[in-house]
Amino acid sequence: MENTSLFKSVVYVMFLVAGIVLPGLCHAEKIQEIFKESSAVNASSKASQVKINGIVTQIESLLDQYKRINKQVEGLKIYNKQLNKQLFTQEKEKIKIKQSISDVTVIERQVMPLIMKMVSGLEIFIDLDVPFLLQERKDRMDALKVYIDRTDVSMASKYRRTLEAFQVENEYGRTIESYRDSISISGSPREVSILRIGRVALLFQTLDGSLSGAWDRGNNKWDALKDPTMNTYIRRGLKIASNQMAPDIMLLPISVKD
């Protein structure tokens, strides 16, 4: 009886201990599971935070890039605005240039006939003028006409060259000079020294100084002077013209056309 009671007591105690221990073990397992789940959640949270941080970094980078691009766009807008102004100005200049070209074409059409009249008039003037340096002056006119006929020369240059020819002829009226030439005296050719005093007097003297004369405007021919004293004056005039004597007052015959 005593053994039986003791066995029952032991069994009871074992069940009692089991009742106490088993629930504790169950709670411990649950706590471990909670810790595991919490660790997993923490790990997942860390991973999510890393992703979030990465996304935030990307967003900030994109925002900075957007700001830079926006500044570039604003700069391009300003540049395009300025460029449009320049293009507008250039278009206005093109219109002006086209108008200028059109005006130049009209002017050239008007200037060319004027140049031709000037050249023709200058040729007539040379033919009617006293015959000094006649071949040289005619050669100059021939060269001028060739120059005017050139297609690679501007109208302005042609006009300027024509004015230069007029200026050369005009200068003859304010200068004196001496040169040698062959002229016809009484139907015979003679080598003489020519003395030109502006366009007022055109005189000659033979190389030996024995005969002097003047151009007769009325009859368009050379005439010998009858007054032998003129030889001395003309000789002095030739020396003055060639800078062999200082300028001086002297008597010279002047032929005036009636």
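The values are calculated or read from the model by the stated rules, or taken from the named source; none is laboratory data. Just so you know, these numbers come straight off a predicted model, no measurement behind them. So basically every Cβ, Gly included, is an ideal-geometry build from the backbone, and we count neighbours across all protein chains shown.
Things worth noting here:
- Residue within region 96-111 that is loosely packed, with under 10 Cβ neighbours inside 10 Å and under 24 Å from R140 (Cα atoms) present: no
- Among the residues making up region 112-158, those that are of a type in the set (V, I, T) and either assigned to a helix (DSSP H, G or I) or surrounded by 14 or more Cβ atoms within 10 Å (Cβ to Cβ) (or both) are I115, V119, I124, I126, V130, V146, I148.
- Residues of region 90-129 satisfying the condition of being at pLDDT 85 or above and of a type in the set (S, T, Y): S120
- Subset of region 168-204 [part of a loop (DSSP other than H, G, I, E, B), farther than 16 Å from I126 by Cβ and under 50 Å from the mean Cα position of the chain (by Cα)]: R174, T175, V200
- Restricting the first member to region 119-148 and to residues that are under 23 Å from L203 (Cβ atoms), and the second to residues that are β-branched (V, I, T), the beta-carbon pairs closer than 7 Å and six or more apart or on different chains are F132/I194; R137/I126; K138/I126.
- Yes/no for G218 being small (G, A, S), within 19 Å of D129 (Cα to Cα) and exposed (fewer than 15 other Cβ atoms within 10 Å of the Cβ): yes
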